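What follows is a short report on a single structure.
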Amino acid sequence: MSGQLLVQPADAPEERHLHARMTFADDLPELRFVDQRTFGGMAWAELDADGIPESIGHIAPDPFENAFDLERVVGRLKASRSAVKRGLLDQRIVSGIGNIYADESLWRAGIHGERAAGSLTRPALRRLLGHAADVMTEALAKGGTSFDALYVNVNGASGYFDRSLAVYGQQGRPCPRCGSIVVREHFMNRSSFFCPKCQPPPRRRSLH
Ligand SMILES: [Zn+2]
């Protein structure tokens with residue numbers, strides 16, 4: 001949930017919240033783990049036959065992994081009774097899609113996150129997952145989405161995809177597609193952002 005991996009010259013001063021330091025035999029830069037909020041962790045783990053650490057073997061592949069199987073994910077969502085946004089965030093189904101990218105993909109797909117995943121057609125679910133991969137590809141090209149200085153790459157630089165967000169964090173602003181005012185609602189312990197016109201809410205709210 002937090003923490004930074006930084007590549008630093010060996011003689012760089014220690015960061016205030018430095019928790020681990022990896023030095024290399026070639027005396028070149030170090031890899032440092034810095035974590036202000038201490039929600040992060042490090043583990044030394046054996047790899048399974050697919051090269052995945054055993055401790056995270058229960059986490060499904062993300063859309064960029066070779067092991068990612070689009071039809072399998074569509075099938076899992078189709079069989080799910082949960083709201084579609086919960087399905088996108090369920091790491092047992094697909095990993096890598098966080099709250100921000102889920103909201104942006106749902107907006108692109110014109111789907112309200114509270115709609116039951118199983119009520120959507122397979123082509124709609126395929127399109128939604130395609131949008132998720134697109135949003136994440138664009139975000140990666142811009143170094144990710146950072147709202148504060150804690151989210152940085154190994155060189156300590158922040159990403160700037162937050163400037164490209166259509167709905168996330170945009171409550172009260174016009175939807176870039178139709179001009180309706182973007183709405184914010186509570187979702188689990190976080191928020192959901194959507195356009196009430198492009199993403200009509202389901203008539204009866206899901207109980208999940
Ligand atoms: Zn709209």
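The values are calculated or read from the model by the stated rules, or taken from the named source; none is laboratory data. Everything numeric here is computed off the predicted structure, so don't read it as measured data. FYI the Cβ positions are ideal-geometry reconstructions off the backbone, even for glycines, and counts take in every protein chain you see. Side chains are part of the model used for accessible areas, which takes the heavy atoms of the whole protein and leaves out ligands, DNA and RNA. Shrake-Rupley method; radii C 1.70, N 1.55, O 1.52, S 1.80 Å.
Which condition number does Thr137 fail, the rest of (1) part of a helix (DSSP H, G or I); (2) more than 16 Å from the ligand (Cβ to nearest atom); (3) surrounded by 14 or more Cβ atoms within 10 Å (Cβ to Cβ); (4) not basic (Lys, Arg) being met?
Condition (3) is where Thr137 drops out.
Please count how many residues of the range 112-122 are in a loop (DSSP other than H, G, I, E, B), open to solvent by 30 Å² or more (accessible area, probe 1.4 Å) and touching a residue at least 40 places away in the same chain (Cβ under 8 Å). Full working, then the answer.
Initially, the range 112-122 is screened for residues in a loop (DSSP other than H, G, I, E, B), giving 112-115, 120-121.
Those left that are additionally open to solvent by 30 Å² or more (accessible area, probe 1.4 Å): 114-115, 121.
Of the ones still in play, those that are also touching a residue at least 40 places away in the same chain (Cβ under 8 Å) are 114-115.
The total comes to 2.
Would you mention how many residues in the range 175-196 are part of a loop (DSSP other than H, G, I, E, B) and either aliphatic (A, V, I, L, M) or more than 17 Å from Ile111 (Cβ to Cβ) (or both)?
Filtering the range 175-196 for residues part of a loop (DSSP other than H, G, I, E, B) gives 175-180, 182, 188-189, 195-196.
When the remaining residues are screened for being either aliphatic (A, V, I, L, M) or more than 17 Å from Ile111 (Cβ to Cβ) (or both), the result is 179, 182, 188-189.
Of the residues in that region, 4 qualify.
Taking the range 84-111 on its own, how many of its residues are of a type outside the set (A, V, I, L, M, F, W, C), assigned to a loop (DSSP other than H, G, I, E, B) and buried (at least 21 other Cβ atoms within 10 Å of the Cβ)? Don't jump to the end; show me each part of the working.
If we filter the range 84-111 for residues that are of a type outside the set (A, V, I, L, M, F, W, C), which is where we start, we get 85-87, 90-92, 95-96, 98-99, 101, 103-105, 108, 110.
Filter once more, so that each one left must be assigned to a loop (DSSP other than H, G, I, E, B): 90-92, 95-96, 98, 110.
Then drop every residue that is not buried (at least 21 other Cβ atoms within 10 Å of the Cβ), which leaves none.
The qualifying residues number 0.
Please go through the range 185-208 and pick out each residue that is buried (at least 16 other Cβ atoms within 10 Å of the Cβ) and more than 9 Å from the ligand (Cβ to nearest atom). Talk me through it step by step, then tell me what you get.
Quick first cut of the range 185-208, residues buried (at least 16 other Cβ atoms within 10 Å of the Cβ) only: 187, 192-195, 198-199, 206.
Matches in the range 185-208: Phe187, Ser192, Phe193, Ser206.
Is one or more of the residues making up the range 154-174 part of a strand (DSSP E or B), open to solvent by 20 Å² or more (accessible area, probe 1.4 Å) and not hydrophobic (A, V, I, L, M, F, W, C)?
Of the range 154-174, the ones part of a strand (DSSP E or B) are 158, 174.
When the remaining residues are screened for being open to solvent by 20 Å² or more (accessible area, probe 1.4 Å), the result is 158, 174.
Among the residues that remain, those that are also not hydrophobic (A, V, I, L, M, F, W, C) are: 158, 174.
Yes: one or more hits.
Check the range 59-77 and report whether any residue there is part of a strand (DSSP E or B), at negative phi and at pLDDT below 95. Working first, answer last.
If we filter the range 59-77 for residues that are part of a strand (DSSP E or B), which is where we start, we get none.
Checked against the condition, which is being part of a strand (DSSP E or B), at negative phi and at pLDDT below 95, the range 59-77 yields no hits at all.
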